[in-house]
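Asker: Quick one: this structure, given as structure tokens, is what I'll be asking you about.
Each value in this text was obtained by applying a stated rule to the coordinates, not by laboratory testing. Predicted model only: the values in this text are computed from it and were never measured. Glycine gets a Cβ as well: all are built from the backbone with ideal geometry, and neighbour counts include every protein chain shown.
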Amino acid sequence: MDMNPYLRTVEGSSRIFGGFHIQIDIRRYDSVDQITEEWKNNFFEGVPSPAGGLLILMPLIYELTNLNLGFNVKNLTPYLTVIVAILLVSKIPTLALKKISTSPKTTIFLLLTIGIVFIALLFYTLETLLIFGLFYLVSIPISMTLYNKKNKENLNKISEEEHEDIL
């Protein structure tokens, strides 16, 4: 079945819109000031461009897989592209996982997980990428919650220090 000409136009323009926002996103990361609070190093501001690229490609990846979930993704593709473009330039905090520390006991499980992921990428490439994209979408609200919790803790700590200075 062929797509509606209106949807084809909306999809094409939304892809151009998404590409434009990736360029703005890259320039924004180049001009970000140094972070003064150490805990903020674990969060990106908005969705990084590589993750945004994966999210924009998710409808195509779904179409190329042999998954038949009875879901017509072609009608949602233009809207998903616009949403991802907005996420790319937003100020929504997303997990950066820059400073992960693990105990020696969990290192073996982490290495085993990385090995399983690489094997899955070799044999089930598109399905694995689709799962990565879905996990990333689920991680956005989780990272927002963690960021807000850390921010509240930091504000409470700062207010307590200021209160002590007054006394």
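Asker: Arrange the peptides 105-116, 121-132, 53-64 so that the one whose residues have, on average, the most other Cβ atoms within 10 Å appears first.
Answerer: Details: 105-116: 10.1, 121-132: 14.9, 53-64: 17.9.
The densest-packed peptide leads the list: 53-64, 121-132, 105-116.
Asker: Here's another thing I want to ask about it. From the cross-link list LYS105/LYS157; LYS91/LYS157; LYS91/LYS152, which pairs have alpha carbons spaced over 28 Å apart?
Answerer: On the way: LYS105/LYS157 32 Å; LYS91/LYS157 24 Å; LYS91/LYS152 17 Å.
Flagged as over cut-off: LYS105/LYS157.
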